[in-house]
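Enquirer: Pasting a structure here, questions to come.
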Amino acid sequence: MIKRVLVYLAGAFFMLSASGCLVAESTYLKKAEEADGVSKSLAELQQAHKKLLVENSALKAKFDQLTQDAAVLTDEKKQLEGILRAKSDTLSKNISELRQQVSELTTENSRLNDEISELQKAKEEKVKEVSGTYEQLLASMKNEIAKGQVTISELKGKLTVNMEAAILFDSGRADIKPEGRDILDKMVDTLKKVGDKAIRIEGHTDVVPITGTLAHIYPTNWELSAARAINVTKFLQKQGVDPRNLSAAAFAEYKPVADNGTKEGRARNRRIEITLVAKD
């Protein structure tokens, strides 16, 4: 009986020992697997670490470059700000100067407008004066105008009295005949009132040359036209026209108003013109 119990006990112990060995082996295998997994994870982590180190190095290099670029941009910004401040100061100064110039020009324009207005008024007064003189001469010489011996014209403030030489002088002579004095007398009162105009007396002839004994007195038409203009000027002065307003000019045959090839044209070219023009 005891022997049987011992056999049972030995069998149980063997079973327990065998079971313990199986548990220990299973645990070892599990730990080994865990160790392999840890080693693999460690290797992966080391690989990732290396990769991160490379990326970190690249990022540091990029950061350093960006820092340098930022420093350069900061310097450029400062320079640009300085340039802009300088330009802003210059522009502000220019604007101030331009405003001053605009103010001065506005004042000048106002003054010029006032002067223009005054000149316009003065011009209108002069035009009225010339027109008044024109009307007076027309009225005083209407008979001669009607006969075609005298024409009176007004253009842009210039008034001209054109008289055929035949009503003032005998042929080839420069002395004013009595009938001519009467005609000039009709103009005297009007010409006396002229104060701001120059009165120019012009002598004109046709192209026919001076011949015979008259050539000793007037060698050419220059002398004849000059003598006629001077005699009319002297007559007007004697009658009271201000000599400071008077002048005489000779043009001989060189300013014709008609065809010298006809009798009528030559008659028109032989003339005395009394012109009222602005004083120099």
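Enquirer: When you look at LEU105, is it over 30 Å from LYS186 (Cβ atoms), surrounded by 11 or more Cβ atoms within 10 Å (Cβ to Cβ) and at pLDDT 75 or above, yes or no?
Expert: Spelling it out, LEU105 is indeed over 30 Å from LYS186 (Cβ atoms), surrounded by 11 or more Cβ atoms within 10 Å (Cβ to Cβ) and at pLDDT 75 or above.
Enquirer: Please state which one of ILE230, ILE201 is in contact with a strand residue (DSSP E or B) (Cβ under 8 Å, 6 or more places away or on another chain) and within 19 Å of LEU137 (Cβ to Cβ).
Expert: Every option except ILE201 fails the conditions.
Enquirer: Within the stretch 161-191, track down each residue that is closer than 18 Å to LYS234 by Cβ and within 46 Å of the chain's Cα centre (by Cα).
Expert: Those that are closer than 18 Å to LYS234 by Cβ and within 46 Å of the chain's Cα centre (by Cα): VAL161, LEU191.
Enquirer: Another question, if that's okay. Would you point out which residue out of LYS234, LYS186 is surrounded by 15 or more Cβ atoms within 10 Å (Cβ to Cβ), modelled with pLDDT of 95 or more and among the basic types (Lys, Arg)?
Expert: Residue meeting the stated conditions: LYS234.
Enquirer: Can you name the residue in the stretch 142-171 that is of a type outside the set (S, T, N, Q), under 18 Å from ARG268 (Cα atoms) and assigned to a loop (DSSP other than H, G, I, E, B) and is also modelled with the highest pLDDT among such residues?
Expert: LEU168
Enquirer: Could you tell me whether the stretch 72-93 includes any residue that is under 40 Å from the mean Cα position of the chain (by Cα), assigned to a helix (DSSP H, G or I) and of a type in the set (Asp, Glu)?
Expert: yes
Enquirer: From the residues in the stretch 249-269 that are in contact with a His (Cβ under 7 Å, 6 or more places away or on another chain) and not aromatic (Phe, Trp, Tyr), which one is farthest from TRP222 (Cα to Cα)?
Expert: Result: ASN269.
Enquirer: Consider VAL257 carefully, then state whether it is part of a helix (DSSP H, G or I), surrounded by fewer than 19 Cβ atoms within 10 Å (Cβ to Cβ) and touching a helix residue (DSSP H, G or I) at 6+ places or on another chain (Cβ under 9 Å).
Expert: Taking the combined requirement at face value, the residue does not satisfy it.
Enquirer: Further question on the same structure: Which of the residues spanning the stretch 198-246 are without any contact (Cβ under 8 Å) to a residue 12 or more places away in the chain, over 21 Å from LYS177 (Cβ atoms) and in contact with a helix residue (DSSP H, G or I) (Cβ under 7 Å, 6 or more places away or on another chain)?
Expert: If the condition is that a residue be without any contact (Cβ under 8 Å) to a residue 12 or more places away in the chain, over 21 Å from LYS177 (Cβ atoms) and in contact with a helix residue (DSSP H, G or I) (Cβ under 7 Å, 6 or more places away or on another chain), then PRO243 is the only one that fits.
Enquirer: Every residue in the stretch 197-222 that is surrounded by 19 or more Cβ atoms within 10 Å (Cβ to Cβ), within 53 Å of the chain's Cα centre (by Cα) and not aliphatic (A, V, I, L, M), please.
Expert: LYS197, GLU202, GLY203, HIS204, THR205, ASP206, ASN221
Enquirer: Under the condition of being surrounded by fewer than 19 Cβ atoms within 10 Å (Cβ to Cβ) and in contact with a strand residue (DSSP E or B) (Cβ under 6 Å, 6 or more places away or on another chain), which residue from the stretch 260-280 is nearest to ALA166 (Cα to Cα)?
Expert: Only one residue tops the list, namely THR275.
Enquirer: Assess whether LEU276 counts as being over 25 Å from GLY132 (Cβ atoms), out of contact with any Pro (no Cβ under 8 Å at 6 or more places or on another chain) and modelled with pLDDT under 95.
Expert: Judged against the criteria, LEU276 is not a match.
Enquirer: Given the conditions (1) under 19 Å from ALA258 (Cα atoms); (2) assigned to a loop (DSSP other than H, G, I, E, B), report the number of the one that ALA174 does not fulfil.
Expert: Here ALA174 meets the rest and fails (1).
The values are calculated or read from the model by the stated rules, or taken from the named source; none is laboratory data. Because the structure is predicted, anything quoted here is derived from the model rather than measured. All Cβ positions, even for glycine, are placed from backbone atoms using ideal geometry, and neighbour counts span all protein chains on display.
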